[in-house]
Structure formats: structure tokens, C-alpha cells
Amino acid sequence: PPRSTLFPYTTLFRSHSAPAAVPAFFTTRSVRVLPQGAVALTFPYDLRPHNDAMVWQAVSGMRFRILGGDVYVRRPAGVAPWQAKPPGGPVMSALLLAGTKRGGEPPPGDQQTLTAIRQLCARYHVDVILVDPAAPEGRAVAALIGRALRTQPRVAGQLSIWINVQSALRRTP
């Protein structure tokens, strides 16, 4: 099967657009392993201009919900503020922004980082984690998540997928 499929969806940022490469997992029946309505933590984290996860969500028929994404709410003065702030404090921000212009390398794989991953997943009731190892710092992030959950991902094409995250959390101290 192809590594990814190009769709007519485009990623819009200001007046620029580009074709969106979507992993084949999201366009086939394979996506059904994700429970309908599941909360998904994705990497790359969905934060403008890196909206891969929103495209994944759209082409899967809105099968899952994501942490992140962009929404603009017009205020009475007509201004729609935008703030880039991933959930979970400084350690998770460093992890989720790794490989972007706002971030750098992911945090070290120390106990603080592993605990932060588990706490974020518990607090936001994350059901699945979807990581693109081909993304900048994707392999390092996947390794940290695997260590935090103490389980290996399911690999589907180019994605590393953890399903039943809450069950994995119950098995970890």
C-alpha cells in the first residue's frame, strides 16, 4: 500500500496552501481500530501551522477527537486572539512542540517526563495516541510514549498507534 495518499484537502495558512499528505491508515478500513469518538493525542501536535491531525481527523470521517487544533472566537471588539499553548505544563509543552519552530528537542526520558505523559493522558482521558515517526523528533517522541505507557505501539504504515491508553495507564505505577 502507498505510504500516504494525497487528498484535495489543503492546509491553509495565510494565503498559502499546499497538498496534504495523509497516511493511508486514515483513508482505509484500518482506521476502525480507533474507537468512534476516541480522544486522541497526536504527534505532530495539532497547532498551526502543523495541522496534520485535523486533516487526519477530517479524512477519517471525524472518527476521533483531538487535543489541540485551532479555533478562533470573535470577541466583542472584533479581535480573535490566538494562543499556542499545549496542555500539561512545561514538560508536555516541550514534548508536544518538539521539532517545531517553537520547540526544539523533546525533554529527556527521565521520570518527570514519563510521569507528565501519563498525567496528561489520565487528565484528558486520552484513548489513543497517534505518532508519525517521520515527523521531526517523531521517533524520539514515540520512544518516550512507549516508555511512559510501558507498551509498544501498533504500527500501521508510517504511524505508531497506541490503543486503549487508559488500560495501559492502569497497568503502570
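The values are calculated or read from the model by the stated rules, or taken from the named source; none is laboratory data. If you're wondering where the values come from, they're calculated on a predicted model, not measured in any experiment. Cβ placement follows ideal geometry from the backbone for every residue including glycine, while neighbour counts extend to all protein chains displayed. Ligands, DNA and RNA are stripped out before the accessible areas are found, and what is left, the full protein with its side chains, is counted by its heavy atoms. Shrake-Rupley method; radii C 1.70, N 1.55, O 1.52, S 1.80 Å.
Using a 1.4 Å probe, how large is the accessible area of S30, given in Å² and rounded to the nearest 10?
Accessible area, nearest 10 Å²: 60 Å².
Rounded to the nearest 10 Å², what accessible area does D110 show when all protein chains are kept and the probe is 1.4 Å?
Counting only protein heavy atoms, the figure is 60 Å².
In nm, to one decimal, how far is the modelled label at D110 from the one at V33, with both set 7 Å along Cα→Cβ?
3.4 nm
At T172 and R65, where each label point lies 7 Å from the Cα along Cα→Cβ, what is the point-to-point distance in nanometres?
2.2 nm
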